[in-house]
Amino acid sequence: MKKFKVKKTFQEINEKIKKGRAVVVTAEEMIDVVKKHGEVEAARKIDVVTTGTFSPMCSSGAFLNFGHTSPRIRASKVWLNDVPAYGGIAAVDCYIGATEVVEGDPLNSVYPGEFNYGGGHVIEDLVAGNVVKLRAEGYGTDCYPARKYEKNITIHDLKDAILFNPRNAYQNYNCAVNLSDTTIYTYMGMLRPQMANAAYATSGQLSPLFNDPYYRTIGVGTRIFLGGAQGFVAWPGTQHNPNVLRGANGVPKQGAGTIAVVGNLKEMIPEWLTGASILGYGVSLFVGIGIPIPILDEEMARLTAVKDEDIYTQIYDYGMDYPKGVAKPLAEVSYKDLRSGTIIINGTKVITAPLSSYYKARQIANILKEWIECGKFLLGEPQQILPSVEI
């Protein structure tokens, strides 16, 4: 067991938050604190580091309950603004997935020439209080005799609306380029031929799981900023894989940890939960997530001072290799270089652009900081940490 010069607990930090005495900084600010004071003194001074990310997160969706109808229906098929939702749960429950598109219109749109419409936009419309057309069909039973039901609803008409995202806040993600001779349209955006541009995701040094690379403080029950409200980590996210190549301070160099998250959709706001239309690919949902990292000891102080120049990701060819499932990295690149606007790949200068918004990630980290300083947000101690590897 490691011996630390500084030791704090969740309970001690929460007591300081309640009394308005907790010292909170963002992940950006922590870099300078550790540089100036060193990790031990930084651990003594700082109680919580806040993080943030705002990015398309395809593995997202919401459980909705629209209440019993008269006569009652067993809604085996459900549509919201003509976007199919999964009805195989119970009589009037459904799950709307962020990437589901308007039925029969996968890539064009109900708004030709403008954008694709799908589950992510339905969720945004609900959160914004807009009217959404609910349509349901049932097969008719003695207890649920109705076979069809239609109604214009808002989120206030729903008995329950729960955001539940199976895989969010990927700890790292690919940088995508296109080596083919034609423009391609992917979930990473439009990639021009012959490696004319590169797309990347995550908010680098502000990104939540980069600041706790071994998940020492994150797990089931961790309270988080989610879509503008308080939410929770519900479980390790799908595809969570800590056993990957890691660099300095254990920072993964490729996709690693993920989290499943849950929260009350009725408390969220569209600024932090926004439908996305991705040209030639389909739809997704921009999700705002922020995780507070408690500084339990000097190791956590050191880990939360991670810098963009210390975080690397792999560059993949999405033109030929990735679709075949046999992709091997072309090279690796730091987030400092990616954020500079250009990178060099095999001697070629390539323009870069992010899918994630660093500006909004910074906003989330600052909002979370304010909530904690005001005593509105206490740390949720995980009841079970995310699967990890030994430090």
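The values are calculated or read from the model by the stated rules, or taken from the named source; none is laboratory data. What you see is a predicted model; the values in this text were computed from it and never measured. Cβ coordinates were reconstructed from backbone atoms using ideal geometry, including for glycine residues, and neighbour counts include every protein chain displayed.
Worth a mention:
- Single residue of the stretch 172-213 satisfying the filter (hydroxyl-bearing (Ser, Thr, Tyr) and more than 18 Å from Pro56 (Cα to Cα)) that is surrounded by the most Cβ atoms within 10 Å (Cβ to Cβ): Ser180
- Some residue of the stretch 301-320 being surrounded by fewer than 20 Cβ atoms within 10 Å (Cβ to Cβ), closer than 30 Å to Leu179 by Cβ and at pLDDT below 95: yes
- Residue in the stretch 51-67 that is farther than 20 Å from Asp142 by Cβ, free of Cβ contacts under 8 Å to residues at least 12 places away in the same chain and not assigned by TED's automatic domain parsing to the domain that holds Gly282 present: no
- Qualifying residue in the stretch 73-80 (condition: assigned by TED's automatic domain parsing to the domain that holds Thr238 and more than 28 Å from Trp235 (Cα to Cα)): no
- Taken as a whole, the structure leaves Tyr335 outside the set of residues that are among the aromatic types (Phe, Trp, Tyr) and either in contact with a Lys or Arg (Cβ under 6 Å, 6 or more places away or on another chain) or without any contact (Cβ under 8 Å) to a residue 24 or more places away in the chain (or both).
- For the stretch 357-371, a residue qualifies if it is of a type in the set (D, E, K, R) and under 14 Å from Val24 (Cβ atoms), and the qualifying residues are Lys369, Glu370.
- Listed here are the strands (runs of 3 or more DSSP E) enclosed by the stretch 311-389 that have at least 3 residues being touching a helix residue (DSSP H, G or I) at 6+ places or on another chain (Cβ under 7 Å), and there are none.
- Thr313 in contact with a strand residue (DSSP E or B) (Cβ under 7 Å, 6 or more places away or on another chain), of a type outside the set (A, V, I, L, M, F, W, C) and more than 22 Å from Leu64 (Cβ to Cβ): yes
- Every residue from the stretch 103-124 that is modelled with pLDDT under 90 and assigned to a loop (DSSP other than H, G, I, E, B): Glu103, Gly104, Asp105, Pro106, Leu107, Asn108, Ser109, Val110, Pro112, Gly113, Glu114, Asn116
- Test result for Val25, touching a helix residue (DSSP H, G or I) at 6+ places or on another chain (Cβ under 9 Å), touching a residue at least 24 places away in the same chain (Cβ under 8 Å) and either at positive phi or in a helix (DSSP H, G or I) (or both): no
- Condition met for Ala136 (farther than 30 Å from Thr202 by Cβ, surrounded by 23 or more Cβ atoms within 10 Å (Cβ to Cβ) and of a type in the set (Gly, Ala, Ser)): yes
- Filtered residues of the stretch 1-20 (kept if over 18 Å from Glu299 (Cβ atoms) and either of a type in the set (Gly, Ala, Ser) or loosely packed, with under 12 Cβ neighbours inside 10 Å (or both)): Gln11, Lys18, Lys19, Gly20
- When residues of the stretch 321-342 are limited to those that are aliphatic (A, V, I, L, M) and closer than 19 Å to Ser180 by Cα, the one surrounded by the fewest Cβ atoms within 10 Å (Cβ to Cβ): Val326
- Taken over the stretch 162-221, the residue count meeting the criterion of being among the charged types (D, E, K, R), closer than 28 Å to Glu267 by Cα and part of a loop (DSSP other than H, G, I, E, B) is 1.
- Residue match in the stretch 351-361 (condition: in the same structural domain as Asp181 (by TED's automatic domain parsing), farther than 20 Å from Asn168 by Cβ, surrounded by fewer than 21 Cβ atoms within 10 Å (Cβ to Cβ) and not hydroxyl-bearing (Ser, Thr, Tyr)): yes
- Yes/no for Val101 being under 21 Å from Phe286 (Cβ atoms) and either in the same structural domain as Phe225 (by TED's automatic domain parsing) or surrounded by 14 or more Cβ atoms within 10 Å (Cβ to Cβ) (or both): yes
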